[in-house]
Amino acid sequence: MRNINIFKSRHGKTYIYYRDQRTGFLRKLPSDKKSPEFYEAWKQADADNHGTVPAVQSGTWAELKASYLKSPEFLDLSDRTRKDYAYYLKRMHEMDAVPVDQMTPASLMVWRDKIAEGGRRRTANYTLTVMSRVFKMGILRGLTKDNPLREVPKLKRAKDKPKANRPWTD
């Protein structure tokens with residue numbers, strides 16, 4: 001079987017994952033390799049990995065995102081940055097069908113606030129950064145006219161919360 005990664009935890013438990021060749025993401029599989037559930041899960045993961053890629057509609061976020069993932073701007077990034085950006089872009093799959101022309105600062109602020117719920121301010125801000133890079137590349141390549149994220153402010157840390165990296169005291 002191809003694309004299988006097996007890990008053993010420090011407590012002796014075995015975890016089996018299917019590694020997606022396109023994205024590098026791991027999908028957890030049942031831990032019993034002899035069970036029919038394992039084979040069905042592996043077969044499904046392999047079909048998803050090697051299946052046909054759905055056509056991307058022109059003028060949508062999915063097209064802009066796919067263009068960015070193939071661009072030298074993305075491919076020239078360090079491995080870790082590429083992996084992080086790909087992770088955040090994959091998380092934005094619910095926006096794939098949205099036409100880029102319909103993305104406004106107001107709609108993106110609602111989306112940013114939805115991500116930030118539950119104290120995920122940094123995640124929301126990093127997502128905005130990644131999206132802004134995609135829009136910047138889209139403008140340079142003529143795929144979009146403007147970057148609506150220029151007008152979307154990043155979330156600031158609450159004044160009553162301590163700084164994450166504060167100096168040690170003796």
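Taking a 25 Å limit on the Cα-Cα distance, which of the listed pairs LYS114/LYS161; LYS70/LYS114; LYS33/LYS65 fall beyond it?
Values: LYS114/LYS161 20 Å; LYS70/LYS114 28 Å; LYS33/LYS65 36 Å.
Pairs exceeding the cut-off: LYS70/LYS114; LYS33/LYS65.
Not counting the cut sites, what is the longest span of the chain without chymotrypsin sites (Phe, Trp or Tyr not before Pro) that DSSP labels loop and that have at most 15 other Cβ atoms within 10 Å?
Working: sites that count: PHE25, TRP168.
In the chain, the maximal stretch lacking such sites is 26-167.
Looking at the chain, which longest stretch skips every one of the trypsin sites (Lys or Arg not before Pro) that is in a DSSP loop with at most 15 other Cβ atoms within 10 Å, leaving the sites themselves out?
Details: sites that count: ARG2, ARG10, LYS13, ARG22, LYS33, LYS34, ARG120, ARG141, LYS145, LYS154, LYS156, ARG157, LYS159, LYS163.
For trypsin sites (Lys or Arg not before Pro) (loop position, at most 15 other Cβ atoms within 10 Å), the longest site-free span of the chain is 35-119.
For a quick check, take a GNM of the chain with Cα springs below 10 Å and name the residue from GLN102, GLN44, GLN57 with the largest mean-square fluctuation.
Per the Cα network of the chain with a 10 Å cutoff, GLN44 tops the list.
As an exercise, take the mean of 1/r over every pair of distinct alpha carbons in segment 66-120, invert it, and state the Kirkwood radius in angstroms. If you can, show how the numbers build up before the last one.
Numbers: mean 1/r = 0.0770 Å⁻¹.
Answer for segment 66-120: a Kirkwood hydrodynamic radius of 13.0 Å.
Rounded to the nearest whole Å², what accessible area per residue is found for the chain with the 1.4 Å probe? Kindly include the intermediate steps, with their values, before the conclusion.
On the way: 11980 Å² over 170 residues.
Per-residue accessible area for the chain comes out at 70 Å².
Cα convex hull of segment 89-140: mean projected area in nm², to one decimal?
Answer in nm², one decimal: 3.6.
Pairs of alpha-carbon atoms within less than 8 angstrom and 6+ residues apart define the contacts here; what relative contact order does the chain have, in percent? Write out the running numbers ahead of the final one.
Working: 151 pairs, mean separation 24.9, N = 170.
Dividing the mean separation by the residue count of the chain yields 15 percent.
The values are calculated or read from the model by the stated rules, or taken from the named source; none is laboratory data. Please read all numbers here as calculations on a predicted model, not as lab measurements. Counting neighbours? That spans all protein chains shown, and the Cβs are built from the backbone with ideal geometry, glycine included. The area values use the complete protein model at the heavy-atom level, side chains included, leaving out ligands, DNA and RNA. Shrake-Rupley method; radii C 1.70, N 1.55, O 1.52, S 1.80 Å.
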